[in-house]
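The values are calculated or read from the model by the stated rules, or taken from the named source; none is laboratory data. Computed from a prediction, not measured in an experiment: that's the story for all the values here. Heads up, the Cβs are rebuilt from the backbone with ideal geometry, glycines too, and the neighbour counts pull from every protein chain shown. What goes into the accessible areas is simple: the full protein's heavy atoms, side chains included, and nothing from ligands, DNA or RNA. Shrake-Rupley method; radii C 1.70, N 1.55, O 1.52, S 1.80 Å.
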Amino acid sequence: MKTEKENGGKRRVIMRGLLATAVAMVGVLPLTPSQAADKIKVGFMLPYTGTYASLGNTIANAFKLAVAESGGKLAGREIEYYTVDDESDPAKAPENTNKLVKRDRVDVLVGTVHSGVAIGMAKIARETNTLMIVPNAGADEITGPLCAPNIFRTSFSNWQPGYATGKIMADKKYKTAVTLTWKYAAGQQMVDGFKEAFQKGGGKVLKEMTLPFPNVEFQPFLTEIASLKPDAVFVFFAGGGAVKFVKDYAAAGLKGKIPLYGTGFLTDGTLEAQGADAQGIITALHYADGLNTPKDNAFRAAYKKAYNAEPDVYAVQGYDAAQLLRIGLEAVKGDVSKKEQMYKAMGAAKIDSPRGTFTLSKAHNPVQDFYARQVNGKENKSTGIAVKALADPAHGCKL
Ligand code: PHB
């Protein structure tokens, strides 16, 4: 016969066991966002090798700077980074995107630089309703036929800087031009934007020339430009390829003879390496040096302090990707499961960017001013606004 005391003792042991089990179970239950235990998983899919490597690193650095300025958190939640080097290789885009979406289960995809890779990413982001923020790649399709409620861009569509540069060239009354670029979406779409504005202003394109990405054997094209003798040349190159092209153009004796123009990527983040060969080049872009606004001055000082380098357009786009994410997360108090509400807040965002405040179009592409810039020393100095509040036509977007 057990005494009451013994039975009570046994009951207390059982109760303690049940309590311990209950506590352990709560530990594995998903916590509510207000408990803010989980980190937001940000997946960077960017080029960390190849001709666009410096662009990818700059974007990631500036994104992290914006997060650091918010105390290392967005909407009160800590950020955890996952990283994949996409190598600017469109063939590897599905596999690389799935590393972040399926394996790491990121909350947001941030990427990328190369238009062809970004198209592959966007297809998976659409299928899986994963939030995607594009901090560079201009593929017109992303805010055109592939547009989606969950896909946003803080950079540009390829058409935009092409059009703005073509407008500057038409306003200079050039009658003829030759174009040269890498043969893939970015180059072809920027040339299309350029042609639209240049031809509208009465200009004629004598020849469109291309070479495969990321080749830098420019010599035969420079020889052809010299023999065609156009009034001006329009190109798209960026990163390491842009450095080499500007140097080769000067070495071929064309600098000072046939004016060289391009979308601003030709001289952004490259001036240190291009030196004297870049002086005087006129481009158009949604960012410039010497804007001298309080927001831009503060951003430039903070970036320089953090990374001991001057920021460029890629830094601005990466910084604004984090700003846009913050706006979305704050609207849902960090609860990423409230997707519709988050996307709605992001679509309506007014972003206080170092480039100047911008909004997003219905297709989620920036509606922004394009600056005329001219290289002076190590700066792409703004010489004024070439096209105000330029919106991409968003052909094929059904939102
Ligand atoms: C692109 O592939 O969309 C691209 C790459 C580099 C740039 C601009 C656009 O600087």
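Quick notes on this structure:
- For region 208-238, residues that are closer than 17 Å to K175 by Cα, within 16 Å of the ligand (Cβ to nearest atom) and either over 26 Å from the mean Cα position of the chain (by Cα) or of a type in the set (F, W, Y) (or both) total 1.
- Residue in region 92-101 that is without any contact (Cβ under 8 Å) to a residue 40 or more places away in the chain, on the phi < 0 side of the Ramachandran plot and within 13 Å of the ligand (Cβ to nearest atom) present: yes
- R355, sole failed condition from (1) more than 16 Å from the ligand (Cβ to nearest atom); (2) in contact with a helix residue (DSSP H, G or I) (Cβ under 6 Å, 6 or more places away or on another chain): (1)
- Matching entry among Y343, Y371, Y314 (being more than 16 Å from the ligand (Cβ to nearest atom) and open to solvent by less than 30 Å² (accessible area, probe 1.4 Å)): Y343
Yes or no, residue by residue, for (1) within 16 Å of the chain's Cα centre (by Cα); (2) closer than 22 Å to I79 by Cα:
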| residue | (1), (2) |
| --- | --- |
| A284 | no, no |
| D289 | no, no |
| K295 | no, no |
| Y307 | no, yes |
| E310 | no, no |
| Y314 | yes, yes |
| Q323 | yes, yes |
| V332 | no, yes |
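- Residues of region 97-136 satisfying the condition of being in contact with a strand residue (DSSP E or B) (Cβ under 9 Å, 6 or more places away or on another chain), closer than 19 Å to G347 by Cβ and not in a helix (DSSP H, G or I): D107, V108, L109, V110, T130, L131, M132, I133, V134, P135
- Of the strands (runs of 3 or more DSSP E) lying entirely inside region 142-255, the ones with 3 or more residues being β-branched (V, I, T) are found at 176-182.
- Counted residues, region 317-340 - those being assigned to a loop (DSSP other than H, G, I, E, B) and crowded, with 18+ Cβ neighbours inside 10 Å: 3
- Residue count for region 279-316, restricted to those that are of a type in the set (G, A, S), closer than 23 Å to Q160 by Cα and assigned to a helix (DSSP H, G or I): 1
Here is a yes/no grid of residues against (1) outside the structural domain of K172 (by TED's automatic domain parsing); (2) touching a residue at least 24 places away in the same chain (Cβ under 8 Å); (3) basic (K, R):
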{"residue": "I281", "(1), (2), (3)": "no, yes, no"}
{"residue": "K304", "(1), (2), (3)": "yes, no, yes"}
{"residue": "D320", "(1), (2), (3)": "yes, yes, no"}
{"residue": "L329", "(1), (2), (3)": "yes, yes, no"}
{"residue": "G347", "(1), (2), (3)": "yes, yes, no"}
{"residue": "P354", "(1), (2), (3)": "yes, yes, no"}
{"residue": "V375", "(1), (2), (3)": "yes, yes, no"}
{"residue": "N380", "(1), (2), (3)": "yes, yes, no"}
{"residue": "L399", "(1), (2), (3)": "yes, yes, no"}
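- Within region 374-391, restricting attention to residues that are in a strand (DSSP E or B) and small (G, A, S), the residue that is surrounded by the fewest Cβ atoms within 10 Å (Cβ to Cβ) is G384.
- Contacts under 6 angstrom Cβ, first residue in region 255-266 being in contact (Cβ under 8 Å) with a residue 60 or more places away in the chain, partner within 16 Å of the ligand (Cβ to nearest atom) and assigned to a loop (DSSP other than H, G, I, E, B), 6 or more apart: F265/A238
One line per residue, one yes/no per condition, for (1) away from the ligand (no atom under 12 Å from the Cβ); (2) open to solvent by 10 Å² or more (accessible area, probe 1.4 Å); (3) under 20 Å from W182 (Cβ atoms); (4) not polar (S, T, N, Q):
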residue: H114; (1), (2), (3), (4): no, no, yes, yes
residue: I142; (1), (2), (3), (4): no, no, yes, yes
residue: F152; (1), (2), (3), (4): yes, no, no, yes
residue: S155; (1), (2), (3), (4): no, no, yes, no
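- Residue within region 348-367 that is surrounded by fewer than 18 Cβ atoms within 10 Å (Cβ to Cβ) and over 19 Å from P135 (Cα atoms) present: no
- Which numbered condition I385 fails, given (1) closer than 21 Å to K41 by Cα; (2) touching an Asp or Glu at 6+ places or on another chain (Cβ under 6 Å): (1)
- When region 169-207 is filtered for residues that are more than 15 Å from G264 (Cα to Cα), surrounded by 17 or more Cβ atoms within 10 Å (Cβ to Cβ), in contact (Cβ under 8 Å) with a residue 40 or more places away in the chain and away from the ligand (no atom under 16 Å from the Cβ), the ones remaining, listed by number, are Y174, A177, V178.
- Scope region 201-253; condition aliphatic (A, V, I, L, M) and out of contact with any helix residue (DSSP H, G or I) (no Cβ under 9 Å at 6 or more places or on another chain); matching residues: A226, L228
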